[in-house]
Each structure stands twice: as structure tokens, then as C-alpha cells.
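The values are calculated or read from the model by the stated rules, or taken from the named source; none is laboratory data. Note that the coordinates shown come from a computational prediction; the quantities given were computed from them, not determined experimentally. Here Cβ is always computed from backbone atoms with ideal geometry, including for glycine, and neighbour counts include all displayed protein chains. For the accessible areas, the whole protein counts, side chains as well, though only heavy atoms, and no ligand, DNA or RNA atoms are used. Shrake-Rupley method; radii C 1.70, N 1.55, O 1.52, S 1.80 Å.
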Amino acid sequence: MDPYEAFTKVRSLLKQHHAFFRECIPLIASENVTSPAVREALTCDFAHRYAEGWPGERVYAGCQYIDEVELICIELAKKLFRAEFVDVRPVSGVMANLAVYTAFTMPGDTMMALSIPNGGHISHGALKTKNGRFLGGTAGAVHGLNVDYFVFDKEEMNIDVDASAERIIETKPKLLLFGASVFLFPHPVRELSRVARDVGAHVAYDAAHVAGLIAAGYFQDPLREGADVMSMSTHKTLPGPQHGLIASKEEHAEAIKRSVFPGLTSNHHLHNVAALAIALAEFMKFGREYAGQVIRNAKALAKALHDRGFDVVGKHKGFTESHTLVMDVSGFKDTVGLGGDIEKLLEKAGIIVNRNLLPWDSSEGRSYINPGGVRLGTSEVTRIGMKEKEMERIAEFIARVVIDRENPENVRKEVADFRRDYQKVHYCFNSVTEAYEYIEIP
Ligand SMILES: Cc1ncc(COP(=O)(O)O)c(C=O)c1O
């Protein structure tokens, strides 16, 4: 392709992507949209610089303003997460997890976490599955950990405390890792941290999904419930730039700092640190109101889908206490298909969700390619101003496509129409620029 043609093509694709997101309903539980002030910071000159090391002790010159911004970012994060120590240098949630593994374990040690079908993330996984199949999870493949799994109660959609306690005593892991990608209810951190202490294990909590809920005082408070350390992404319920963060007790500061640099980062993407500082400042002001609405919206969407005939998981517990809800769509196998089919069908209607493994999928012979579940999250639709009544409209659109089997292209036109009124980012200092506006630099 001619270079100029490639340049104009990429630009045009970006503009098309923005136009697409302006018209669709974004329900991916791991995504969010940043404020205009955060987007502005992402374009600043920090993006061109290096600043290895800790503020004030950099390996590079030219870091005067970078250091000041990073120290503000650390201060805000310490306050929000009520943490003695914070490191804002991991460039993503996976890197934050890897830094935690490096700080608290040695290759060959055992870690206990949730398996992927039970909601765990690939970064928590072993190199191979129990039956020897290659899995390639970060914990095993990169840090050489053996990974044992918490016992999961499928009815409760949570870790089984008694059975997992027995397992911890039996296998004596060096690290327990709570947290998940399908995270409906708070994990039993308090109960199992006591058992961890008895076997000399440290306790970590992957807050990638629920960081914003925790910062706002909802869901749970891992560092007060017994966790030594919390790792996270900064762009899910915490609506910041794509980045990572670690918060811990002071006694672990040096081990974490060493693991992050020189262990896992050289450049730590300084424009993202600047953008994160702004996102944290906005969250400090508006976060409680935002996170409360995220959870109310998730409960409202779950109930609205259930009322229309969907099998939403966790009904006897109110469906969810977070931003996420999960539907078991295996009942549609003979009509519109399973999770993967439904994901594609809804995309045609401008409704963006993702297929997800359910804890009982493998025993039914289903894999992640076309699993029995669909995961939905309300972080982004809340951010663009939607409340409980809009959740009813969204459930109606989903039901028309999946249950009534209306032509998704027809539904798409109504989805775009519905979306017209929700173009601004809410819960931030400045919302003149629209959420999905493509910003051209002349
Ligand atoms: C529980 C959990 N941990 C870690 C990550 C990875 O985060 P990142 O994409 O920031 O590396 C995810 C991603 O969704 C996640 O769900």
C-alpha cells in the first residue's frame, strides 16, 4: 500500500470507529470511556519522554514536571484506595499482577487463584491445565508459578470458603490471589486471609474490574479485610487511561518498587500517568455518585433482562453487587445459538457485549469459542449519562434481537436513535467535547 494511502486509510478507519461508537450501546464490562481532560493529557509531550525509576531518583534528565505529576498521581491514589503505598508505574493490569507475583513469590512456588471458567483472568493462570493442555497463563508461563484453584460454589457464584480453606491448608500456597474478570459478588478476603496467615501465605487482590467501586467505598475494602496488596487496571470501573497501579501496605513498598523497576518496566508511559492523575482527581470529586449509579444500573439491567425471559445468573442474590452481570444463554442453543453467536448478532444491532465462559460450560462440552454465557457491564453506559430507565430500553433491544428474533439491522437504527441523547461524558470536570468525538490535531 502506498504510504500516503495507508495514512489516509488509517485515519478514515479511526473516524469510522468513532462514528460507530457514537451510535452503539457499549456494554463490555472491562471497558469505559475517559473524560475530555483525560484525553487531552494523553496527547501531551510526556508521551515522548522517559523517566525510569522513582520520582526524584530518575535515570533520565528532563523529568522536573513529570516527577511532580507522578507524585500528585501517587498522592491521589493513596487517598482513594486508603493505601500506605502506591506505585503508578505498571503499564497495565497484567503487568501489575506480574509485579505482585515477582514481589511476593519465586518461580516454582504455588499460588491459589480462581480458574478461568470460574471468573479468573488469563494472567492468573498456569502454564498448562490440570490435564496437561497448554494454557499459557501469565502466572505460570512468565513467572513459573504453579497455580492451584479456589473451590468455587457455582450456585453462589463465589469462592467456597470452607472447601477453599481446606485446600489452602493442604497445598500451602505462598500467595492467594483474589479478584476476577467475572466478579459479581465480593470475595471472602477476610475469612480466607486468616487461613493464609496460618500457612504463611501473602494475600493479593486483583481489583482490575472493581477498582472504581472500591475507591468509591462500595463492593469491599481488600486492604482492610486482610489483603497485603491490590493490583489493578485503571480503565474499567475506574474510568482512567489504560494503565496499571499497585496499592499496598508500606512494609511491601520496597519489594514492589524493585519488581516494577528495574524488574518489569523501563518506560512507564508517562502520558498515561498524567491522564491517570486527572482521572483520579475527577473520581475523587464524582466517583461516589458515579460508582453508586453503575451498581444500580447493573442491578436494573439484570432485573429488566430477567423480566423479559433471560436467565440472568445469581437471581437469589440480587444478580450482582458490581458493574457486571452474566446471562446463561445456553437455552437459545437451538434458536439463535450460544454466547459467541449472540455476541455477533447483538453487534449487528449496535449492542456491544462479550461472550463468556460459565463455570458449568466445560462439563457441558462448551469452550470459550462459543460458550454458554454473555457478560455485560454498565460502567460505560453510566458514564454517558444513562440511569435505570435506560436499562429498561437496553433490555428491550436485547430481547427483540435474541428472543423475538427481529432483524438486528432494523433494531440497529433504533439503537442509534436512542443513543443520540447520550453523547457527553458525565462525572467529570469538563464535558464540552463529546465522548466519542474524533479529535484532529491541525
Ligand atoms: C481480573 C483482571 N485482571 C487483569 C486484567 C488485565 O488488565 P490489562 O488489560 O490492564 O492488562 C483484566 C482484564 O480485563 C482482568 O479482568
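Below is a table of values for the structure above.
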item	result
Computed magnitude of the charge dipole of the stretch 38-153 (debye, nearest 20; Cβ of K, R +1, Cβ of D, E -1)	480 debye
All lysines inside 23 Å of residue 249 as judged from Cα atoms, apart from same-chain residues fewer than 8 positions distant	78, 79, 172, 174, 257
Within the chain, percent of DSSP bridges classed antiparallel, to nearest 5	55 percent
The stretch 39-282: relative contact order in percent, alpha carbon pairs under 8 Å with at least 6 residues between	30 percent
Length-normalised contact order of the stretch 64-129 in % [C-alpha pairs under 8 Å, at least 6 apart]	17 percent
Among 372-383, 292-303, 53-64, 400-411, the order from most to least packed when residues are scored by Cβ within 10 Å on average	372-383, 292-303, 400-411, 53-64
Size descriptor, Kirkwood hydrodynamic radius, that averages inverse alpha-carbon separations across the stretch 307-415, Å	14.3 Å
Test item: Cα-centred dipole of the stretch 253-393, Lys/Arg +1 and Asp/Glu -1 on Cβ, debye	320 debye
Whether the chain is rounded, prolate or oblate, judged on the alpha carbon gyration tensor where a/c under 1.5 counts as rounded	oblate
Long-range HN-HN contacts of residue 172 with modeled amide H, under 5 Å	none
Sequence-separation-based contact order of the chain, relative, with Cα cut under 8 Å and 6+ spacing, percent	23 percent
Peptides ranked, highest mean first, by Cβ atoms within 10 Å: ranges 251-257, 122-128	122-128, 251-257
By accessible area with a 1.4 Å probe, ligands and nucleic acids excluded, highest first: order of 317, 424	424, 317
Charge dipole of the stretch 175-252 about the Cα centre (unit charges at C-beta), most positive-ward option of 230, 195, 185	185
Mean shadow area of the stretch 192-231, taken as a quarter of the surface of its Cα convex hull (nm²)	2.7 nm²
Note, ³J(HN,Hα) from phi for the stretch 219-230, Karplus 6.51, -1.76, 1.60, rounded to Hz, x at Gly and Pro	6, 6, 10, x, 5, 8, 9, x, 6, 7, 8, 10
Distance violations [Cα-Cα > 31 Å] among 15/128; 128/348; 9/413	15/128; 128/348
Listed residues 358, 42, 71 arranged by accessible area, highest first, probe 1.4 Å	71, 42, 358
Eligible lysines near residue 317 by straight Cα distance, threshold 16 Å, same-chain separation 8 or greater	154, 299, 303
Centroid-to-centroid separation of the stretch 267-302 and the stretch 412-442 [C-alpha atoms, Å]	17 Å
Overall form of the stretch 1-56 per C-alpha gyration tensor (a/c, 1.5; a/b vs b/c)	oblate
Heavy-atom accessible area per residue - the stretch 294-338, 1.4 Å, Å²	38 Å²
The chain, helix-only ellipticity at 222 nm - DSSP H runs n ≥ 4, -39,500 (n - 2.57), divided by all residues, nearest 500	-12500 deg cm²/dmol
Prolate/oblate/rounded call for the stretch 39-282, Cα gyration tensor, a/c under 1.5 rounded	prolate
Antiparallel %, DSSP beta bridges [both residues in the stretch 39-282], to 5	45 percent
Along principal axes, Cα extents of the stretch 265-322, largest first, whole Å	49, 28, 18
With all protein chains modelled, accessible area of residue 153 [1.4 Å, Å²]	50 Å²
Dipole magnitude of the chain, debye to nearest 20 (Cβ charges: Lys/Arg +1, Asp/Glu -1, about Cα centre)	300 debye
Within the accessible area of the chain (1.4 Å probe), percent carbon and sulfur	52 percent
Accessible area, probe 1.4 Å, largest first, for residues 13, 27	13, 27
Surrounding net charge for residue 377, when Lys and Arg each add one and Asp and Glu each subtract one, Cβ distance under 13 Å	+2
Accessible surface, the stretch 39-282, averaged per residue in Å² (probe 1.4 Å)	39 Å²
Most positive-pole-ward Cα, 401, 126, 217, against dipole of the chain from beta carbon charges	401
